[in-house]
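Derivation of every value follows stated rules applied to the coordinates shown; laboratory data play no part. Just so it is clear, the model here is predicted, and its values are computed rather than measured. Positions of Cβ are backbone-derived with ideal geometry, glycine not excepted, and every protein chain shown enters the neighbour counts.
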Amino acid sequence: MEDNKKTITALKKAHSLLGRVIEMSENQEYCIDILQQNLAVMGLLKAANGRILEGHLNSCFAAAMRGTNEKRKKEMIEEILAINKLSK
């Protein structure tokens, strides 16, 4: 539950900060300042993504791996591989 709160907090911060990055871009503020704020957004999103993935691995994925449905196990592994590919 605590990790979910941290994830939501990071997502809300990223959302808010992204609005600021858009404003900065619209106002043609200094490029390096925009880049720094954009990197902060990316960092928050990356952290939230890691927490979401960790939660999934410790709950849904772990439950599927303990089960007997081999088709579902294979699907879950393929989902993780696809997410990993997208993250690169």
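From the list Ala48, Ala40, pick out the single residue that is part of a helix (DSSP H, G or I), under 27 Å from Ile80 (Cβ atoms) and of a type outside the set (Lys, Arg). After applying the criteria, what remains is Ala48. Contact map, the stretch 77-88: residues that are without any contact (Cβ under 8 Å) to a residue 60 or more places away in the chain paired with residues that are among the aromatic types (Phe, Trp, Tyr), Cβ distance under 8 Å, separation 6+ or inter-chain. Pairs shown: Ile80/Phe61. Taking every residue in the stretch 57-74 that is in contact (Cβ under 8 Å) with a residue 40 or more places away in the chain and in a loop (DSSP other than H, G, I, E, B) and pairing it with any residue that is among the hydrophobic types (A, V, I, L, M, F, W, C) and exposed (fewer than 12 other Cβ atoms within 10 Å of the Cβ), at least 6 positions away or on another chain, yields no pair with a Cβ-Cβ distance below 9 Å.
Taking into account only those residues within the stretch 23-35 that are surrounded by fewer than 13 Cβ atoms within 10 Å (Cβ to Cβ) and part of a helix (DSSP H, G or I), which is nearest to the chain's Cα centre (by Cα)?
Within the stretch 23-35, the match that is nearest to the chain's Cα centre (by Cα) is Leu35.
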